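Student: Pasting a structure below so you can have a look.
Where a number appears in this text, it was derived from the coordinates with a stated rule and is not lab data. All values derive from a computational prediction rather than experimental measurement. Cβ atoms come from the backbone with ideal geometry, glycine included; neighbour counts cover every protein chain shown.
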Amino acid sequence: NSTATDSNELRAKLVLLGDSGVGKSCIVLRFVRGQFDPTSKVTVGASFLSQTLALEDSTIVKFEIWDTAGQERYAALAPLYYRGAAAAIVVYDITSPESFKKAQYWVKELQKHGNPGIIMVLVGNKADLHESRSVPTQEAQEYAEKNSMFFMETSAKTADNINQLFEEIAKRLPRPTA
Ligand code: GDP
Ligand code: MG
């Protein structure tokens, strides 16, 4: 949940869900460390990183980021990570229709079992591979709208839309009522 700590400091638990190999860990590492490592290792179980972001209105958001493994054998553990999350980023790979299907599974799962009011984001990653695109932007956009999510295409490789993704989430976090 997002919790007020100091006057305009917010803490927010954030979880990434999606098929294995879509680039969840690379998105997190790009955001937190500003790097892209093409030889990054497969996530086992889940990993945790935190990063703060200063908004224009001088709000400081401290993200506590849970990056999950996409493998089936960890699916049963997912509720541990999205429980209490202020936001969930559901990632697919724009070159993989199967990963888009899997993203829809996660959206349903969150709708059934997630926090009411959880901010859900649909992210089509690997946008740099547009020549191999097989999920049309418009199809994903429409799906996101129907499910009250916001939608973005990103590239962890080129850094395209990565900071914007986290900024958009930060802007949507409920502010404490004074
Ligand atoms: P995860 O299983 O969802 O955490 O996926 P990873 O972050 O481990 O990435 C899986 C593979 O996709 C790795 O080989 C990455 O180098 C590659 N990858 C991740 N993001 C991008 C991207 O934006 N563009 C391209 N071209 N490759 C990416
Ligand atoms: Mg990973």
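Student: Contact list please: Cβ distance under 6 Å, first residue in segment 130-158 and without any contact (Cβ under 8 Å) to a residue 24 or more places away in the chain, second residue of a type in the set (A, V, I, L, M), pairs at least six apart or on different chains.
Tutor: From residues that are without any contact (Cβ under 8 Å) to a residue 24 or more places away in the chain, the pairs are Ala144/Leu122.
Student: Continuing with this model, one more query. Within the bounds of segment 9-19, is there any residue that is in a loop (DSSP other than H, G, I, E, B) and of a type outside the set (D, E, K, R)?
Tutor: So far as segment 9-19 goes, no, none of its residues is in a loop (DSSP other than H, G, I, E, B) and of a type outside the set (D, E, K, R).
Student: Residues to consider are Leu29, Leu49, Leu14; find the one that is of a type in the set (A, V, I, L, M), away from ligand 2 (no atom under 13 Å from the Cβ) and out of contact with any Cys (no Cβ under 9 Å at 6 or more places or on another chain).
Tutor: Leu14
Student: State which residue is farthest from Thr154 (Cα to Cα) when the search covers only segment 121-134 and only residues that are surrounded by fewer than 21 Cβ atoms within 10 Å (Cβ to Cβ) and not hydroxyl-bearing (Ser, Thr, Tyr).
Tutor: Applying the filter and picking the extreme gives Glu131.
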